[in-house]
Structures are given as structure tokens and as C-alpha cells.
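Engineer: I am attaching a structure below and will ask some questions about it afterwards.
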Amino acid sequence: RCINVCAKMQAVSAIACTGDGMDAKIEPASPAGLAAASCVNCGQCVAVCPVGALTEKTQMDQVKEALEDPDKYVVVQVAPAVRAALGEAFEFPIGVDVEGRMAEALRRLGFDKVFDKKFGADLTIMEESNELIERLNSDGELPLITSCCPGWVKYAEHFYPDMLANISTCKSPHQMQGAIVKTYMANQEHIAKEKIVMVSVMPCTAKKFEIAREEMNASGYRDVDCSITVQGLADMIRAAGIQFEDLEETPFDSPTGLGS
């Protein structure tokens, strides 16, 4: 299943079956390991693995450690897809919007600020629009292709390096919002940048790779420190003994909790 989803659905082929008969093994296509293969960190192999041989690298322990540290100011941002997916983990009907309960659960877990990534998405749209106008006016490389998805960006780096000049120079929405929090918000709230821990709740494991990229440090510190998946957030809520279905609905924090 992992080989098929990687090759046929994602067109990546980072996982292969090597050897014959009883010596057959499912392993990275590169003998140097998965990191050296064409893996784009999309997580689809993890999603379809029927035996638990492939799992995501969780950062929940780092998040919990930050939440328990009184010297840290822990901020969380949530991707739009999460509010439609989290309910399923608590037996809500598929597609039910649990935004308000989710925001309340995050506050009870101890996050100092709870933001909606839609604010970062709006910023990204405006910046990409400006970049498009600039390219149109200066005979720049066209078409302009979005840089919002780190899995797509890494796919292009592996398979379409000739198209890299077409990809927007904008950061993805959660990276952009992380940079805003560690610059603008840090100055507004008079909080030292090194004390801020930025956590993203994302639907995709590729964000875990993205936050570690060398260029993602606009403030001199990582734009985003930790990235957890929907399942990771559900596990944290359960571990804290929070009765999700009984929570009151509360809004995201402003101003970076707003979005169109």
C-alpha cells in the first residue's frame, strides 16, 4: 500500500520493494535512506500503512514541555482543515465544524494565544498578488505558482528544478504567521522572541519538514518551532482529560485570529 500510494497517487516512488521471495523487503528506494530518496514528506504512506510500520515523528513531547515551562510564551495556530477533521476523532459526524470547541480545548491545554491560520493565508494571498503584479510589470518568470504547500515545493525541487523560478518566493501561510508572531506580536506584547514557542496544528506531515528548513527564521529564531497533526492534537486533548463534546465554544484571539 505504501509503495502504491507513493508511486501511483503521489508520483514520487520514494519507497520500493527490494529483493525476491522470502528476502523481499519494503524499504526506501535509495540505499542511503528515506531522507536521501525523493520523499516529499507528504505522509500518505503513514496514512495507508495497515500494520503501523510507518508512523509520523511526533513533536507532542516538545509541545507539552513548552506548555509546562512558566518561562515560555506558547502560541498555537490552527489550519482551516483541522476544524473540519478534528471532530471525527471525537465521533462527531464527518465534516462538522468544531472551531469553537477546538479553540477552547487549546486554551485549556495551556496555550497563551490561540490563532487562526486564515490570517496568515490572507497575508500570503496579498503578498503573492503583489509578486504577480511585480513580475507582470518587469517581465518576470511566469506563470507564478503558489508556494503554500511544502510537499509540492519539495516535489518541484526533486522532479522539476527547471520550474523553481516560477514558484512564489512567499512563505507558506503558517510560516508567514509564525514570522509575524515572532516579530510584530513580540514587539506589541513586549515579549522576548526567544521566549515564544510557536506551534502549528496542521493536516499534513510535510509541515514538520518545512519548519526545519534553514531559511525559515525571519526573526533570527525559527518561525515555527513545532508542528503537530490533527491526530496529535486529539491525543493531547484526550490525555488532558478534556471532554471535547462538552466544551463551550470560544473565538480565536485577535488580531491574528481573524481571517476572510
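The values are calculated or read from the model by the stated rules, or taken from the named source; none is laboratory data. Every value quoted in this text rests on a predicted model; they were computed, and no experiment measured them. Backbone-built Cβ (ideal geometry, glycine too); neighbour counts: all protein chains shown. Side chains are part of the model used for accessible areas, which takes the heavy atoms of the whole protein and leaves out ligands, DNA and RNA. Shrake-Rupley method; radii C 1.70, N 1.55, O 1.52, S 1.80 Å.
Engineer: Just for region 163-192: of the residues that are among the charged types (D, E, K, R) and surrounded by 15 or more Cβ atoms within 10 Å (Cβ to Cβ), which one is nearest to residue 79 (Cα to Cα)?
Structural biologist: So the first thing to find is which residues in region 163-192 are among the charged types (D, E, K, R), and the list is 171, 182, 189.
Filter once more, so that each one left must be surrounded by 15 or more Cβ atoms within 10 Å (Cβ to Cβ): 171, 182.
Numbers: 171: 15, 182: 18 Å.
Checked region 163-192; the qualifying residue nearest to residue 79 (Cα to Cα) is 171.
Engineer: Specify the residue that is farthest from residue 80 (Cα to Cα); the eligible residues are those in region 201-242 that are open to solvent by less than 60 Å² (accessible area, probe 1.4 Å) and polar (S, T, N, Q).
Structural biologist: Checked region 201-242; the qualifying residue farthest from residue 80 (Cα to Cα) is 219.
Engineer: Only residues that are in contact with an Asp or Glu (Cβ under 7 Å, 6 or more places away or on another chain) and outside any helix (DSSP H, G or I): list them for region 39-58, please. Give the steps one after another, and end with the answer.
Structural biologist: Start the filter on region 39-58 by keeping residues that are in contact with an Asp or Glu (Cβ under 7 Å, 6 or more places away or on another chain), which leaves 43, 46.
Once the filter is applied, which keeps residues that are in contact with an Asp or Glu (Cβ under 7 Å, 6 or more places away or on another chain) and outside any helix (DSSP H, G or I), region 39-58 yields only 43.
Engineer: Which of the following residues is of a type in the set (A, V, I, L, M) and under 22 Å from residue 43 (Cβ atoms): 94, 133?
Structural biologist: 94 is the lone residue from the list that is of a type in the set (A, V, I, L, M) and under 22 Å from residue 43 (Cβ atoms).
Engineer: OK, next. Among the numbered criteria (1) assigned to a helix (DSSP H, G or I); (2) exposed (fewer than 14 other Cβ atoms within 10 Å of the Cβ); (3) touching a helix residue (DSSP H, G or I) at 6+ places or on another chain (Cβ under 6 Å), which one does residue 124 miss?
Structural biologist: For residue 124, the failing item is (2).
Engineer: Out of (1) surrounded by fewer than 17 Cβ atoms within 10 Å (Cβ to Cβ); (2) touching a Lys or Arg at 6+ places or on another chain (Cβ under 6 Å), what's the single condition that is false for residue 40?
Structural biologist: Among (1) surrounded by fewer than 17 Cβ atoms within 10 Å (Cβ to Cβ); (2) touching a Lys or Arg at 6+ places or on another chain (Cβ under 6 Å), the lone unmet condition for residue 40 is (1).
Engineer: Looking for whichever is open to solvent by 60 Å² or more (accessible area, probe 1.4 Å), touching a strand residue (DSSP E or B) at 6+ places or on another chain (Cβ under 7 Å) and either closer than 21 Å to residue 239 by Cα or among the hydroxyl-bearing types (Ser, Thr, Tyr) (or both) here; the options are 62, 77. Which one fits?
Structural biologist: Just a single option satisfies the conditions, and that option is 62.
Engineer: Name the one entry in 113, 117 that is open to solvent by 20 Å² or more (accessible area, probe 1.4 Å), closer than 30 Å to residue 63 by Cα and at pLDDT 95 or above.
Structural biologist: Criteria check complete, one pass: 113.
Engineer: To continue, here is another question. Say whether the condition of being under 17 Å from residue 174 (Cα atoms), in contact with a strand residue (DSSP E or B) (Cβ under 8 Å, 6 or more places away or on another chain), open to solvent by less than 50 Å² (accessible area, probe 1.4 Å) and not charged (D, E, K, R) is met by at least one residue in region 82-96.
Structural biologist: Yes - at least one qualifying residue is present in region 82-96.
Engineer: Which one of these is assigned to a helix (DSSP H, G or I), at negative phi, of a type in the set (D, E, K, R) and touching a residue at least 60 places away in the same chain (Cβ under 8 Å): 208, 182? Before you say what the answer is, go through the steps one by one.
Structural biologist: On the way: 182 fails: touching a residue at least 60 places away in the same chain (Cβ under 8 Å).
Result: 208 is the single residue among 208, 182 that is assigned to a helix (DSSP H, G or I), at negative phi, of a type in the set (D, E, K, R) and touching a residue at least 60 places away in the same chain (Cβ under 8 Å).
Engineer: Looking only at region 12-38, how many residues end up being in a loop (DSSP other than H, G, I, E, B) and either among the β-branched types (Val, Ile, Thr) or in contact (Cβ under 8 Å) with a residue 40 or more places away in the chain (or both)?
Structural biologist: Total meeting the criteria: 2.
Engineer: Within 30 Å of residue 62 (Cα to Cα), of a type in the set (A, V, I, L, M, F, W, C) and surrounded by fewer than 16 Cβ atoms within 10 Å (Cβ to Cβ) - does that describe any residue in region 147-155?
Structural biologist: To start, the set of residues in region 147-155 that are within 30 Å of residue 62 (Cα to Cα) comprises 147-155.
Within this subset, residues satisfying the condition of being of a type in the set (A, V, I, L, M, F, W, C) are 148-149, 152-153.
Imposing the further condition that a residue be surrounded by fewer than 16 Cβ atoms within 10 Å (Cβ to Cβ) reduces the set to none.
No, region 147-155 contains no residue that is within 30 Å of residue 62 (Cα to Cα), of a type in the set (A, V, I, L, M, F, W, C) and surrounded by fewer than 16 Cβ atoms within 10 Å (Cβ to Cβ).
Engineer: Then there's this: What are the residue pairs meeting all of these: first residue in region 156-175, first residue under 23 Å from residue 116 (Cα atoms) and of a type outside the set (Lys, Arg), second residue open to solvent by less than 50 Å² (accessible area, probe 1.4 Å) and assigned to a helix (DSSP H, G or I), Cβ atoms under 6 Å, and 6 or more apart or on different chains?
Structural biologist: Cβ pairs passing all conditions: 168/128; 168/131; 170/124; 170/128; 173/120; 173/121; 173/124; 174/120.
Engineer: Take the conditions at pLDDT below 95, exposed (fewer than 15 other Cβ atoms within 10 Å of the Cβ) and under 26 Å from residue 224 (Cβ atoms) and apply them to residue 33. Does it pass? Break it down into steps so the answer makes sense when it comes.
Structural biologist: Numbers: at pLDDT below 95: yes; exposed (fewer than 15 other Cβ atoms within 10 Å of the Cβ): yes; under 26 Å from residue 224 (Cβ atoms): yes.
Spelling it out, residue 33 is indeed at pLDDT below 95, exposed (fewer than 15 other Cβ atoms within 10 Å of the Cβ) and under 26 Å from residue 224 (Cβ atoms).
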